[in-house]
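J.: Just dropping this structure here.
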Amino acid sequence: MIKTLIIEDEINVREGLKKLLKIMATSIEVIAETSFVSEALELIKKEKPDLIFLDVELEDGSGFDILKQFEMIDFKIIFTTAYSQYAIDAFKFSAVDYLLKPIDPTELKLAIERAVSDINTKKKHQDLLSVLKNNIENQEQKIVLKTTENRFVINVKDIIRLEADGTYTNFIITNRKVIVSKHIKFYEDLLDEKFLRCHQSHLVNSIHIISLTSKGFLQMSNQDLVPVSTRKRKEIGQLINEL
């Protein structure tokens, strides 16, 4: 059985989550619950859970107040939140599992499947949590890029450009290239306005643009030439002039 704690501010969410888990995840055993940071710390030390459902905002603090008390986090976390879009983006950047309230059963099922897989393979997530905390606290933005074999923590400012390859996206970064199995549209929606969609297959970081050539290419800081679609040329030219 997977020993599980629910650390959640709203009692109705706790009760609903327990009912859903009982129906769809028989391998999960909820051993305790609380809405307080102080009680949560004691429960984690005492019970040594495999999995925690962790609310971002609690009665006497935040979920991060709990996590910073542990030098090594050896339990899997699924965050629950009713946070703003900014915070949701922070979760997406860090590749940490989260559930929006009210909790959707389908999303819960997928999060549980990922959690069980990670617990069984003893996959650690300390670096992902560090990225999440960093982005929530408005420090220099980082993003986690997962490949089939590795995961990379990248400073967003070091991303030069993205190039679509079917359902994959190539990240060209200042010191490496990374290929991830997500469509470029996902990253267009996630990354901020500094990233310009200059072509159906290309998304560029405006801070790395050197110039727009007479032949309709963007010259980037690494000397790459990126095509600009005809219909985008005027718009991109105006944006560059404003940089």
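Values in this text are rule-based calculations from the coordinates and carry no lab data. Because the structure is predicted, anything quoted here is derived from the model rather than measured. Every residue, glycine as well, gets a Cβ built from its backbone with ideal geometry; the counts of neighbours run over all protein chains shown.
J.: Would you work out which of 63, 112, 98 lies farthest towards the positive end of the dipole of the stretch 2-136, given +1 charges on the beta-carbon of Lys and Arg and -1 on that of Asp and Glu, about the Cα centre?
T.: Final value for the positive-end residue is 112.
J.: Report the convex hull volume per residue for the stretch 2-136, counting only C-alpha atoms, in Å³. Can you show the working numbers first?
T.: Details: hull volume 13.1 nm³, N = 135.
For the stretch 2-136, the hull spanned by Cα atoms encloses 97 Å³ per residue.
J.: Report the extension gain between residue 121 and residue 104 in nm, rounded to one decimal, defined as 0.36 nm multiplied by the number of residues separating them, less their alpha carbon distance. Please list the in-between numbers first.
T.: Values: separation 17, 0.36 × 17 = 6.12 nm, distance 2.60 nm.
Using 0.36 nm per residue and subtracting the Cα-Cα distance, I get 3.5 nm.
J.: Tally Lys and Arg at +1 and Asp and Glu at -1 over the other residues with C-beta under 12 Å from the C-beta of residue 202: what net charge comes out?
T.: Details: positive: 161, 197, 232; negative: 163, 165, 188, 224.
Neighbourhood net charge equals -1.
J.: What is the sum of charges, Lys and Arg at +1 and Asp and Glu at -1, for the other residues whose Cβ falls under 15 Å from the Cβ of residue 108? Show your work: numbers first, answer last.
T.: On the way: positive: 14, 18, 19, 22, 76, 101, 109, 114; negative: 8, 15, 55, 97, 104, 107, 113.
With Lys, Arg at +1 and Asp, Glu at -1, the neighbours total +1.
J.: Counting other C-beta atoms within 10 Å, which of 221, 62 has the fewest, and how do the rest follow? Please list the in-between numbers first.
T.: Working: 221 13, 62 16.
Least to most surrounded, the residues fall as 221, 62.
J.: Simple spin-label model, 7 Å along Cα-to-Cβ: residue 242 to residue 23 in nm?
T.: It works out to 4.8 nm between the two label points.
J.: What is the order of 206, 211, fewest Cβ neighbours within 10 Å to most? Can you show the working numbers first?
T.: Working: 206 16, 211 10.
Ascending number of Cβ neighbours within 10 Å: 211, 206.
J.: Using a simple spin-label model with points 7 Å from Cα along the Cα→Cβ vector, what separation in nm is obtained for residue 72 and residue 48?
T.: Placing both labels 7 Å beyond Cα along the Cβ direction yields 1.2 nm.
J.: Moving on. What does the net charge come to around residue 152 if you take all other residues with beta carbon closer than 9 Å to its beta carbon, with K and R at +1 and D and E at -1? Please report the intermediate quantities before stating the final value.
T.: Numbers: positive: 146, 151, 176; negative: none.
With Lys, Arg at +1 and Asp, Glu at -1, the neighbours total +3.
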